[in-house]
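Please read the structure below before turning to the comments.
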Amino acid sequence: MVVRLRQNGADETHLTFYKVDDLNGDIGGLAPGAAGYADAAQARAYHTVDGQTSIDGPGWGNYAQTEITRVNTGDIIAMKLTNGANTFWGFAQANEQADGAGVTHLWSYGLNTWGWEDLAGGGDRDYNDLIVQLDFTSTSGDGWLI
């Protein structure tokens, strides 16, 4: 699977993809935010073609592309973003709380394109600090989706 990144935020970010069991983000009976969930997600992290489980953000205003390996038909893929000491999950219930609810850090733009908010508390809520596109159609990255 080809991963394309465009960074609009200035902070140093790292993105990890991992396999979940269902659309709620559960892993082996652990819900997002539960004790042990972070370790379970790391144990299921996909590797990039260079063997890493984390993809570095390309830096403010820059673009990068890589591939993650061993994605199988039927896999449900989730993401987490690390920004300094903060980790933000695609599942709000695993993130910090505001007014009793988990803070959303991930927004879907459609066509397998996602935008991250990279600051605690929801930042400026523009969800464009790191834009991620997943290309499932071509392992060679022909860009058929853009």
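The values are calculated or read from the model by the stated rules, or taken from the named source; none is laboratory data. Just so we're clear, the structure is a prediction, and the values are computed from it rather than from any experiment. Here the Cβ positions follow ideal geometry from the backbone for every residue, glycine too, while neighbour counts run over all protein chains shown.
Couple of notes before you dig in:
- Identity of the residue in segment 26-36, touching a residue at least 40 places away in the same chain (Cβ under 8 Å) and within 20 Å of W114 (Cβ to Cβ), that ends up farthest from the chain's Cα centre (by Cα): G33
- The residue that is nearest to T16 (Cα to Cα), counting only those in segment 129-146 that are at pLDDT below 95 and polar (S, T, N, Q), is T139.
- Members of segment 40-83 found to be part of a loop (DSSP other than H, G, I, E, B), of a type in the set (K, R) and at pLDDT 95 or above, listed by number: R44
Residues checked against (1) without any contact (Cβ under 8 Å) to a residue 40 or more places away in the chain; (2) crowded, with 16+ Cβ neighbours inside 10 Å:
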{"position": "V3", "(1), (2)": "no, yes"}
{"position": "E12", "(1), (2)": "no, no"}
{"position": "F17", "(1), (2)": "no, yes"}
{"position": "N24", "(1), (2)": "no, no"}
{"position": "T82", "(1), (2)": "no, yes"}
{"position": "A101", "(1), (2)": "yes, no"}
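- Subset of segment 103-123 [assigned to a loop (DSSP other than H, G, I, E, B) and either modelled with pLDDT of 95 or more or surrounded by 13 or more Cβ atoms within 10 Å (Cβ to Cβ) (or both)]: V103, T104, H105, N112, E117, D118, L119, G123
- Some residue of segment 88-98 being assigned to a loop (DSSP other than H, G, I, E, B) and out of contact with any strand residue (DSSP E or B) (no Cβ under 9 Å at 6 or more places or on another chain): no
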